[in-house]
Each structure stands twice: as structure tokens, then as C-alpha cells.
Amino acid sequence: MQKTNKKKLMSGNEAIAEAGISAGCRFYAGYPITPQNELIAYMAQNMVKRGGVFIQAESEIAAINMVLGAAAAGVRAMTSSSGPGVSLKQEGISYLAGCELPALIVNVMRAGPGLGDISSSQSDYFQATRGGGHGDYFTPVLAPWSVEEAVKLVMLGFDIADYYRNPVLILADAIIGQMMEPVGNFDKSQFRKKKESKNWALTGAKGRPANSIKSLYLKEGVLEQHNKKLKKKWDKIRKNEQRFFVSDIADVDYLIVAYGSQARISLEAIKMLRKNNIKVGLFRPISLWPFPGKGLRKIAEKVKKILVVEQSLGQMVEDVKLNLPNKEVYFLGRAGGGVPSAGEIIKYINNKLI
Amino acid sequence: MKIKFSRPKSLIDVETHYCAGCGHGILNILTAKVVDELGIRDKTIGVAPVGCAVLAYKYWNFDVCEAAHGRALAVATGIKRCHPDKVIFTYQGDGDLASIGMAETVHAANRGEKITCVFVNNACYGMTGGQMAPTTIVGQKTTTTPLGRSPESGEGWPIKMAELLSGLKGVSYSVRTAVFNPQKVMQTYQYIKKAFINQIEGKGFSLVEVLSPCPAAWRKTPLDSMKWIEDEMVKYFPLGVIKRE
Ligand SMILES: Cc1ncc(C[n+]2csc(CCOP(=O)(O)OP(=O)(O)O)c2C)c(N)n1
């Protein structure tokens, strides 16, 4: 999309795709799965026109490995899927992390386990924030709560991926992927200015020694050295890339912690509760890994009780409890496509917290 | 004195990890020689498999990417589509290419990816100690077919990849060769060269299947292994050009 100040109504899925292309992504490979089909369709319609490569792969496994090849070739590359497909991509994500290759993986979450349902869910939090595949690794995870923010996070995600040479995940729930909102700003100049040099990329050994991309380290002790090097990187990410958003925390007795669409519904509940003088605030992690524990601990100091709201049976709540061992932490969640409503949240706070 | 044979520039001077009599050594060299002869070292990118050839980047003096087990042709697709002017090849074993990676293989071939594929058929899984591969021949004993591969007991028949892929429109070149004597080694060299030239000329997918010895897993001497290819493997896997466009 050319630079224009005019806002356009787009679904989260389409906006994520456009943000990728605007951010300089020139390789996309994917496999159809609901609820992210608009994303792959947008890529099919636009990627080649803008000078990039689009491939409908034979499977999610092939798609992630094509992305690995493109990333190794030095090109900004992404793929997208949902639950079952993201499970298939885990091997590839582990290899990307082991090979230290940048790439963006979008998971528009649906309800599981198994084939589950195509309705919205936040049940892949554990998979996303704990590495997900085999081996000792992490991937930064960014969770948008609006279409506009999805655009920003895709652009930021590519920058983080290139800067640290690590795969980055966008974890959107189906509500974000499917809903339509006006978006306008696809200008990526608001992010890191410096383009990372990719002198490690495979481009043919012309006038330089041969490069190799690999994750195998067989000699005794060498893999551990590699692991330690990776750990340093992840420690740096933990320190520098924690992101969160807060609302209504100037005077606050009760704090809701929620991300993605659930944070929006929670904010609606907060506005209603505040009308009745119940002082509730919102803490919304934007980076799920690294979890913004520092920010949460600070704000939680002045809070009586915490309520975690998720569209799952309780996953992020574990990170909240890890960070706040001395706080009373409550949990309200629904699974299988059920969405906690503002009314349910208000009722829960009135009955259990107050 | 005229030097008739020397180490290819595309081959690094180090000790190899291959077992005595293993065919990978010969095929690593042949591939490097082709790259030298075509003068494409600075625009060649190889993709190594998971299998005995996983360390190929230690031997080849050009850019190499390691791929997960079976995924070499997906990785190669990503590289080739980003660098259409470069020469991309995969080098894969039979477990990698025809078992765990069968989907990636068939679909890369069917898309007609302009990639060269060197397929090392040693009728077993070498790296993990000699289990049954999709290409293990009927009656062949492996650690997982202790009584010999038996289609009647549900172990299936050996898959003829060169024939199978030749049926796909995206495949422009499909041959089977072997390395059991010097003539066959030179023939194999010519086939690999042709498969690279095809790519440079913009033709579709090219496959060179090579019957290759694995003395360690076959529990045979290197010489007996060569003989076994000639006497037994070739009966089931006929040599020659199966498709050329
Ligand atoms: C996903 C996965 N499954 C299994 C393995 C273990 N593994 C490593 S090599 C190999 C077989 C390799 O056999 P082949 O492709 O025939 O190559 P060769 O070693 O004979 O050259 C297996 C099963 C692995 N590394 N990854």
C-alpha cells in the first residue's frame, strides 16, 4: 500500500500481511487454515506485485522450512498459520533459533486441543512463550489488541528478529485476525533506523570466505558454548524488549491483567466498574515473552488484588503468579471458543474480589 | 609432468568423517568437481541433509545451508526463489529424501523448482546405524528388518524415486547411476554436471539418483559392497536416463 494518510478498513489478517510487505518482507510461504485465510490470500494478491515471492506450500512444515531458506538467503521472510499448523512449524522454529535466523511467524489462535474449533482462543500461550519446539530456546512474542497495533507489532517484530537474529512470533487471537478496523499508518520509519547488515547470509561466496548456516555442533563442549551465547542474547532480550500498556492505574485497588482481545473486553468492564467507583485498572502485556514482569511488579505494589482474564483455562496466569508470589491472584477464563464478556468480568470482580 | 587430477578448489583440505568405503566421499568430490568445472563456486549454494552428509559444509568450499531431516528441498526452494540467479542444489540420503521428506521432494519436483538434487541411495539409514530405508531392497537385512525386508509382512517395496519423480511435469531430468567402478564414477560425474547445466539453462527440477555403498551398515567390506550394488541393487534399480527434456 502506498503511503497515504487516508485510513482504510482492513481485517487484522489483511493488515498483518500488508504490514509485513510494508516492512520489507519479500518472501511469504503458507498453508491455508482458518482463521487466518485472509492473510495468505492478501499475500497471494500483493506479494509478487511488490517484487516478492509468494508460495502456497504443501504443508506448514514445508512453509516454515522455505522461510528458513529465504531467511538464510538474507531476505525478510514470514509465514502465518493457526494452532494445528503452528504445531507443525515448531521443528522449523527450533531450527531457526538454533541457526540464529530472523523470521516472523504469525499465529492467529484458534481453540484446541487437536482440531478443536475455528473460533477464537488464547490457548497457545504456553507453546509460544516457552520456545514451543525442542531444545533450549525462546522466541520474542508480540500480542496485538487492535488491527492498528497489529501493524506496528509486525514492523517492530521484523526489526527485533533482524537485530537479534532470532525468530519472532506474532500471537493474535482470531478476534484480532477477523475484526475490521480502520488503519492508515504503514510507514515503517517509526522503527529502528539502522538496517542490520546480513554478512552471514548465503548469497554465493563471491570475494569472501564461504558461509554456512547450521545448528549442529558435535564436538564436545561446543554446543554448550553455542547455548551460552544464545542465552546471553535472550538475557539481553529479556532486559530490553519488555513491553506493556496500562490504563486507569492512577488510583487502583484491583488490577486486571489481560492481553489481546481480552484486554479490550476487560477495559470495557473497567470503564463500567469505575462508574460505580470501583477502582480497577488494566495491565496489558504486549510482549508475552519476554513477560513484562518488571512493569507488573511495580504497578502491583499498590494494588489489593489481581484478576487475570484469558481466553484459555489459565496459561498467562502462571507468569503473573511467578512475578507476584505474595499477591492474591484470581483467574477468569473460558476455553473452546467461549469469550469472557464484560458482564462476566464485572460479576466476577463483584463476587470474588470485593 | 602434467597434473591429471588434483583436489577441486571447491573441496576443503580436511579429514573426513565418512567411514572407509563410503560413497559419500566420492559424491562430495564429484559435486565439488562439477562446481569447479562450471566455474560457479561463487554462485553455488548447497543444502546439506540430516544424515551422514550433514557435515558437508566442512568439505565444500562454497555457501552451504543445513536443513532439518527431510526438509532440504523446502529450504532450497526458499533460497532459490530469493536468489534465482544462483545455483542451488540439495544433497540427500534416501531416508531424508524418500521417507521423512517425501512430501517436500514430490512437491518441489512438481513445482518444477529450478534446483539440482543429488540423491544418495545407499538402501539404508547410514547415520543412525543401518535401519530400513524406503529404498532397502527386498530381503535385505537391516537392524529393523532382521529377517530381511519383507513386503508380505507389511514392510513395503523399495521406492524407485527416479521413476516416481519422472512422472511429474515439473521434472526435466531424472537419471539413476551408481559408483561401483571407475567408469560408473565418471558417468555419475557427467550426469551431475548435466543436472547442474539444466538448472543454469533455466530448466525444471533435475534429479540424479546414485546407488552408493554403505559398508559399515551393510556389514560388508568396501569391495564386497561395490559388488553388492552391481549384483543386487542394480537388479531392482536399473541404471540410466529415465527422463530428459
Ligand atoms: C526429525 C528427525 N527424525 C530422526 C532423526 C534421526 N536421523 C538422523 S539421520 C537419519 C537417517 C538418515 O538416513 P539417510 O537419509 O538415508 O542418509 P544416510 O545417513 O544413509 O546418508 C535419521 C533417522 C533426525 N535427526 N530428525
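The values are calculated or read from the model by the stated rules, or taken from the named source; none is laboratory data. None of the values given here were measured: they were computed from a predicted structure. Ideal geometry is used to build each Cβ from the backbone, glycine not excepted, and the neighbour counts take in all protein chains shown.
Observations on the structure shown:
- On the stretch given as region B:31-50, residues that are touching a helix residue (DSSP H, G or I) at 6+ places or on another chain (Cβ under 8 Å) and surrounded by fewer than 24 Cβ atoms within 10 Å (Cβ to Cβ) total 6.
- Matching residues, region B:149-200, being over 23 Å from residue B:214 (Cα atoms), hydrophobic (A, V, I, L, M, F, W, C) and not in a loop (DSSP other than H, G, I, E, B): B:164, B:165, B:171, B:195, B:196, B:197, B:200
- Filter result for the condition that a residue is without any contact (Cβ under 8 Å) to a residue 24 or more places away in the chain and under 30 Å from residue A:88 (Cβ atoms), over B:42, B:13, B:63: B:63
- Filter pass, residue B:53 being within 8 Å of chain A (Cβ to nearest Cβ) and of a type in the set (A, V, I, L, M, F, W, C): no
- Exactly one residue among B:115, B:159 is more than 16 Å from the ligand (Cβ to nearest atom) and within 16 Å of the chain's Cα centre (by Cα), and that residue is B:115.
- Region B:94-109, subset surrounded by fewer than 24 Cβ atoms within 10 Å (Cβ to Cβ) and away from the ligand (no atom under 13 Å from the Cβ), residue nearest to the other protein chains (Cβ to nearest Cβ): B:107
- Test: residue in region B:9-27 that is crowded, with 24+ Cβ neighbours inside 10 Å and away from the ligand (no atom under 12 Å from the Cβ): yes
- Close contacts from region A:136-151, counting a first residue that is within 19 Å of residue A:121 (Cβ to Cβ) and among the aliphatic types (A, V, I, L, M) and a second that is modelled with pLDDT of 95 or more and in a loop (DSSP other than H, G, I, E, B), with Cβ to Cβ under 8 Å and a gap of 6+ residues or different chains, come to A:142/A:243; A:142/A:286; A:143/A:259; A:143/A:260; A:143/A:286; A:147/A:179; A:150/A:144.
- Among the conditions (1) away from chain A (no Cβ under 11 Å); (2) farther than 22 Å from residue B:172 by Cβ, the only one that residue B:48 does not satisfy is (1).
- When residue B:91 is tested against (1) within 19 Å of residue A:202 (Cα to Cα); (2) more than 14 Å from the ligand (Cβ to nearest atom); (3) modelled with pLDDT of 95 or more, just one condition goes unmet, and that condition is (2).
- Complete set of residues in region B:30-48 that are in contact with a Gly (Cβ under 8 Å, 6 or more places away or on another chain) and within 21 Å of residue B:187 (Cα to Cα): B:31
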